[in-house]
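Quick note: the coordinates plus some simple rules give every number you see, no bench work behind them. Computed from a predicted structure; not experimentally measured. So basically every Cβ, Gly included, is an ideal-geometry build from the backbone, and we count neighbours across all protein chains shown.
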Amino acid sequence: MRFHLSIFAAVVFCTGGSSGFTFAPAPTANLGIGTRSRSSSSKALFMSADTPTVTLGIFGGGTVGGGIVEILSKKQSYFQQLTGKNIVVKKICVRDASKPRDFALPEGCTIVTSYDDILNDDTIDYAVEVMGGTTDAKDVVMSALQKGKSVVTANKALIAKDLPEIEKLLSSLDSSGTQFRYEAAVCGGIPVIRSMQSDFVGDTIQQVSGIINGCTNFMLTAMDRDKKSYEDALAQASELGYAEADPTLDVGGFDARSKLKILMRLAYGMDVDEDEISCRGITELTKIDFEYAKTLGGTIKLLGVASKNDKGSVSAFISPCYVTNDDPLSSVNGATNAIEIVSDNLVSSIYIGQGAGRYPTANSCINDIVALAKGDTTPLPFNPKSETKFANNYESVFFLRLNYRDQVGITRQVGEVCENHGVSIHSILQNPIAKSQESAFAIVTEKVEYASILKVLADIEALDWCKGKPFYMPVLREDWQS
Ligand SMILES: NC(=O)c1ccc[n+]([C@@H]2O[C@H](COP(=O)([O-])OP(=O)(O)OC[C@H]3O[C@@H](n4cnc5c(N)ncnc54)[C@H](OP(=O)(O)O)[C@@H]3O)[C@@H](O)[C@H]2O)c1
């Protein structure tokens, strides 16, 4: 079987808005600050005896925790000018107190291993949770809030999992002035949380999309640009510290999904169950997919996308997506993250920067700590809730890749299956076959419903010439040009 680009090039490319996915329906806290102002009797701890002090207990002295301590110490006098307070780290809680640390312990600061050493210390104003995990970290965060300690955290997994509980607790603390801040939890150093909390109040967000996992973006760049294998790309990402301790969270798309859920809460005031968000990572991608993407004039990025449809409901997914070379996201390479917000007033705004790493992530935590110390009582942690519904379906142009055993009638059968499910084919592509066992062809559809694509793929997979599971990905913009 041999056929060429655009055999079925039947219909024009979609044009129109910049937002490529059209989703179709189918299937507070009071934030005053409770800083304890005190004259220091412990001169070892406090820079100036007359300056009020805010005291920190940090859970975690690893990558992020170490960065926070370093920045606080480097900019101590500047922060004092900025906030009118000395910001002092009193205790750092770690798992293994004997482990050497790669940062200098501040004067008067002690390393502890019991959470209670911080939680039960009434002189500690803020709890900074940078130890990770969702069990002990949850206990620590909830308990600190209950004890009136404002919390700063970088823990997206915890927020995504327990957002309603955290929100409920925060609203019960209404008048206590205890705050919850989490700028570092989504896209590390990019100030996207604060921006979504404050800068869209008069706007309406239509779509949030972007590269929100640095590890997989690093891997996809290595696979596409440097022609590395999946395994080599993952090994290099791990070596450089871009991968989570369990890389399945990255390559399976789960880390990105946690972040997308938080962004959806901020963009649409909705709390969606994480498991309802369709989540596909990069494990099914092959080099053939990159070849086809190149033939079409683009590349592949793992994106998180949440978008409003014209009925007002919102749908979302994590998936590899085809992105054209002239798309701003296509040139976001390596471990860099990028988020595009499409909204009525601002039209499109893009935030690009370091999504992980010691200093970028610690920088966001520092911004939260300094905001607390300044007595900054805005913005709300999660924006007001809304009745926006989640729709588990969307419309997009799709790219499909099918591995096949050669036989007569393949294109006819594919055409029939697509027709049965109302899917129009825009074009069929076949690159020259290097090895017969790698023979694969690709289809680009017109804009169709995701639910229809799933039916097409199930039917095609059952055909006897189809080898393995067909691969599919949405095309980011409906006005794409190959
Ligand atoms: N690293 C990044 O680039 C980045 C970016 C964005 C968000 N985050 C988030 O930031 C958090 C921390 O990440 P990280 O990279 O700094 O992790 P990390 O380097 O592994 O450090 C974790 C720290 O927490 C301590 N710890 C872990 N479990 C503990 C427990 N049960 N009891 C007491 N201490 C415990 C560890 O103690 P020991 O040192 O004694 O083992 C270590 O000091 C995570 O939620 C992560 O998702 C990280």
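Past 28 Å, Cα to Cα, is the threshold; run K75/K138; K301/K455; K311/K385 against it and keep the listed order. Result: K75/K138 exceed 28 Å. Spacing of the modelled spin labels on D406 and K311, each 7 Å from Cα toward Cβ, amounts to 4.7 nm. Normalising by residue count, the chain has a Cα convex hull of 143 Å³ per residue. When the Cα centres of the stretch 140-166 and the stretch 338-390 are compared, how far apart do they sit, in Å? Centre-to-centre (Cα) distance: 17 Å.
Rounded to the nearest 0.05, the FRET efficiency derived from the C-beta distance between R101 and S424 at R0 = 35 Å is 0.05. The packing ranking of peptides 318-326, 130-138, highest mean first, is 318-326, 130-138, where packing means the average number of other beta carbon atoms within 10 angstrom of each residue.
Couplings for the stretch 442-454, taken from phi via the Karplus curve 6.51 cos²θ - 1.76 cosθ + 1.60 with θ = phi - 60°, read 10, 10, 10, 8, 7, 5, 9, 7, 4, 4, 6, 4, 4 Hz in order; Gly and Pro are left as x.
Can you work out the PRE-style zone for K168? Point 7 Å along Cα to Cβ, and I want the residues of the stretch 144-158 with backbone N under 19 Å. The answer is 144-148, 158. Residues in the stretch 60-74 carry Karplus couplings, in order, of x, x, x, 4, 6, x, x, x, 4, 4, 5, 5, 4, 6, 5 Hz; the curve used is 6.51 cos²θ - 1.76 cosθ + 1.60 with θ = phi - 60°, and Gly or Pro positions show x. Along its first, second and third principal axes, ordered by size, the stretch 202-354 spans 45, 34, 25 Å in Cα coordinates. Listing H421, H426 from fewest to most neighbouring C-beta atoms within 10 Å gives H421, H426. The three principal axes of the Cα atoms in the stretch 395-474 give end-to-end lengths of 35, 21, 19 Å, sorted in falling order.
Here V342, V201, V140 are placed in order of increasing Cβ neighbour count within 10 Å, fewest first, which gives V201, V342, V140. Taken one residue at a time, the phi angles of the stretch 309-315 give Karplus couplings (6.51, -1.76, 1.60, θ = phi - 60°) of 9, 6, 9, x, 7, 10, 10 Hz. Gly and Pro are set to x. In summary, the aspartates and glutamates within cross-link reach of K91, defined as a Cα separation below 15 angstrom excluding same-chain residues under 8 places away, comprise E70, E107, D116, D117, D121, D122, D125, E129. Within 10 Å of each candidate Cβ there may be at most 16 other Cβ atoms; applying that plus a DSSP loop requirement, which trypsin sites (Lys or Arg not before Pro) in the stretch 363-442 survive? Passing sites in the stretch 363-442 are K385, K389, R405, K435. Sorting M219, M264 from the fewest to the most surrounding beta carbons within 10 angstrom yields M264, M219. Each label point was placed 7 Å from the Cα along the Cα-to-Cβ direction; for D344 and D464 their separation is 5.7 nm. Kindly give Rg over Rh for the stretch 236-313, based on alpha-carbon atoms, with the Kirkwood expression for the hydrodynamic radius. Result for the stretch 236-313 is an Rg/Rh of 1.05. In the chain, a dipole from Cβ-located charges (positive for Lys and Arg, negative for Asp and Glu) runs towards its positive end, and of Y359, P52, Y404 it is P52 whose Cα lies farthest in that direction.
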